[in-house]
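J.: Below is one structure. I have some questions about it.
The values are calculated or read from the model by the stated rules, or taken from the named source; none is laboratory data. These numbers come from a predicted model, not from an experiment. Cβ placement follows ideal geometry from the backbone for every residue including glycine, while neighbour counts extend to all protein chains displayed.
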Amino acid sequence: MGSIRRREFGQVLAATGLGLAAGSSRSEAMVTKKRRIPLGFDNYSIRALGWKAPRLIQYAASLGLDSCLLSDLHVYDSHDDSYLKKARAQADAAGIRLHVGTGSVCPTSSSFKTDFGSAEEHLALTIRIARILGSPVARCFLGTRQDRLGPDGIEPHMKSTVQVFRKLRSEAVEAGVRIAIENHAGDMQARETVRVIEEAGSDFVGATVDSGNATWSLEDPVRNLEILGPYAVSSGIRDSMVWEDEAGARVQWAALGDGCVDLETYMDRFAQLCPGVPIQLETISGVQRSVPYLKEDFWNPYPAVLAQDFAAFVALAKRGTPLQPFAVPEGVDPADAAASYQKAELERSVRYCKEVLGLGLKS
């Protein structure tokens, strides 16, 4: 990836509304209350930069953060003990608590890849890396909404995931690591995620609460948190703008403060339901998705949605307003534009969390 030139960087910031005016307006906001919630980020937020673990740890420290979720196994140059121990020493010296993660560990999901062997081998490797890095969790997920579209829906994939988890119970318990399944990309709603946790065993399996993925699953993030929060051991947090359209609604993920999620209530409940769990920002801004719930065939993959849960999502959509998706400015290299946009969205979110929501343990 080539480095972005100064003029191009200015074009990206201007085109995406990330100039000095936006930054200064946020810095003038007052903290409503100081919440003692650790603050960090998921490296997927700045995936276009292609940074490896040492650079990500250094970056988290430069932002005055408390944690960092390394959410894929390709972020390490090596999985050898010596390399991982060096990364842990770097994080410890910087006061950064690492959370370790990976992708799908459901062997029946269309998202599952065999890069790291079978599902059991993949999860076992993630647990080992988590143990060495001092991570309390091994974050993973089932798949995506695509897994709901088969003739039997999401249920077979939930069962496969439970089976994999049960096979790794002794490894997780011995390592002192909780498997942390995420509600991911429209695969499961909160109540379904809880079922997987409880059927596998809540003594060694918990939740990675993802507020953005909730809106892809017909859920208001606050309601999703009420259900998943008691099981939370990790998180992936971003704002969402949801608004009504002729087919139902549209969702666009956004930097913190740019959406219509009730973040004050969300953070209050997070502090109550998830003590000690960090808010880890996973800003995937600028991406739109249609949720055409007014079309009859939309509901086939959602046979068990509760009316009260869906009503909360509709209420969220009624208070949202349309956003424009991110577009690469003319004349700017797409890779450079993506890298600059992602980094700016994350840093705006960090500022908002510190200056408005009062998050973070460090001054």
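J.: In the list Gly95, Gly101, Gly143, which residue meets the criterion of being buried (at least 16 other Cβ atoms within 10 Å of the Cβ), under 25 Å from Gly360 (Cα atoms), small (Gly, Ala, Ser) and at pLDDT 95 or above? Let's see the steps before the verdict.
T.: Working: Gly95 fails: buried (at least 16 other Cβ atoms within 10 Å of the Cβ); Gly143 fails: under 25 Å from Gly360 (Cα atoms).
None of the other options fit; the residue is Gly101.
J.: Only one of Ala207, Ala247, Ala232 is modelled with pLDDT of 95 or more, in contact with a strand residue (DSSP E or B) (Cβ under 9 Å, 6 or more places away or on another chain) and farther than 29 Å from Gly134 by Cβ. Can you tell me which?
T.: Working: Ala207 fails: farther than 29 Å from Gly134 by Cβ; Ala232 fails: farther than 29 Å from Gly134 by Cβ.
Matching residue, one of Ala207, Ala247, Ala232: Ala247.
J.: So, one more: Can you tell me which residue among Arg88, Arg166, Arg131, Arg145 is basic (Lys, Arg), on the phi < 0 side of the Ramachandran plot and under 21 Å from the mean Cα position of the chain (by Cα)?
T.: Result of the check over Arg88, Arg166, Arg131, Arg145: Arg145.
J.: Here's another thing I want to ask about it. Based on this model, can you work out whether Gln189 counts as buried (at least 21 other Cβ atoms within 10 Å of the Cβ), at pLDDT 95 or above, closer than 20 Å to Thr215 by Cα and not charged (D, E, K, R)?
T.: Numbers: buried (at least 21 other Cβ atoms within 10 Å of the Cβ): yes; at pLDDT 95 or above: yes; closer than 20 Å to Thr215 by Cα: yes; not charged (D, E, K, R): yes.
Judged against the criteria, Gln189 is a match.
J.: From the set of residues in segment 204-239 that are among the hydroxyl-bearing types (Ser, Thr, Tyr) and crowded, with 24+ Cβ neighbours inside 10 Å, which is nearest to Ile279 (Cα to Cα)? If you could, list the steps in order and put the result at the bottom.
T.: So the first thing to find is which residues in segment 204-239 are among the hydroxyl-bearing types (Ser, Thr, Tyr), and the list is 208, 211, 215, 217, 231, 234-235.
Restricting the remaining residues to those that are crowded, with 24+ Cβ neighbours inside 10 Å gives 208, 211, 215, 217, 234-235.
Details: Thr208: 10, Ser211: 10, Thr215: 18, Ser217: 20, Ser234: 8, Ser235: 6 Å.
Only one residue fits best here, namely Ser235.
J.: Further question: Looking at (1) over 19 Å from Val196 (Cα atoms); (2) in contact with a Leu (Cβ under 9 Å, 6 or more places away or on another chain), can you tell me which one Pro151 breaks?
T.: (2) is the only condition that Pro151 fails.
J.: Considering only residues that are within 22 Å of Phe41 (Cα to Cα), out of contact with any Asp or Glu (no Cβ under 6 Å at 6 or more places or on another chain), in a strand (DSSP E or B) and among the small types (Gly, Ala, Ser), which ones fall in segment 244-293?
T.: Result: no residue meets the conditions.
J.: When the residues of segment 255-276 are filtered to those that are within 22 Å of Gly206 (Cβ to Cβ) and out of contact with any Gly (no Cβ under 9 Å at 6 or more places or on another chain), which remaining residue is surrounded by the most Cβ atoms within 10 Å (Cβ to Cβ)?
T.: First, pick out the residues of segment 255-276 that are within 22 Å of Gly206 (Cβ to Cβ): 266-276.
Subset that is out of contact with any Gly (no Cβ under 9 Å at 6 or more places or on another chain): 266, 268, 271, 275-276.
Working: Tyr266: 21, Asp268: 15, Ala271: 17, Pro275: 10, Gly276: 11.
Checking each candidate, the answer is Tyr266.
J.: Looking at segment 144-176 only, could you name the residues that are within 18 Å of Asn300 (Cα to Cα) and outside any helix (DSSP H, G or I)? Give the derivation first.
T.: Going through segment 144-176, the residues within 18 Å of Asn300 (Cα to Cα) turn out to be 144-158.
Scanning segment 144-176 gives Thr144, Leu149, Gly150, Pro151, Asp152, Gly153, Ile154.
J.: Condition first: surrounded by fewer than 22 Cβ atoms within 10 Å (Cβ to Cβ) and in contact with a Ser or Thr (Cβ under 8 Å, 6 or more places away or on another chain). Now tell me which residues in segment 146-183 satisfy that.
T.: Selection gives Gln146, Pro156, Ser160.
J.: Shifting gears a bit: Can you name the residue in segment 57-75 that is of a type in the set (Gly, Ala, Ser) and within 11 Å of His99 (Cα to Cα) and, of all such residues, is nearest to the chain's Cα centre (by Cα)? Break it down stepwise before answering.
T.: Residues of segment 57-75 that are of a type in the set (Gly, Ala, Ser), as a first pass: 60-62, 64, 67, 71.
With within 11 Å of His99 (Cα to Cα) added as a condition, the list becomes 67, 71.
Values: Ser67: 14, Ser71: 9 Å.
It comes out as Ser71.
J.: Here is a list of conditions, (1) touching a residue at least 60 places away in the same chain (Cβ under 8 Å); (2) under 25 Å from Ala48 (Cβ atoms); (3) assigned to a loop (DSSP other than H, G, I, E, B); (4) of a type in the set (Val, Ile, Thr), and Val350 meets all of them except one; can you say which number that is?
T.: (3)
J.: Separate question: Spot the failing condition for Gln324; the list is (1) surrounded by fewer than 17 Cβ atoms within 10 Å (Cβ to Cβ); (2) touching a helix residue (DSSP H, G or I) at 6+ places or on another chain (Cβ under 7 Å); (3) part of a loop (DSSP other than H, G, I, E, B), and only one is missed.
T.: Failing condition for Gln324: (2).
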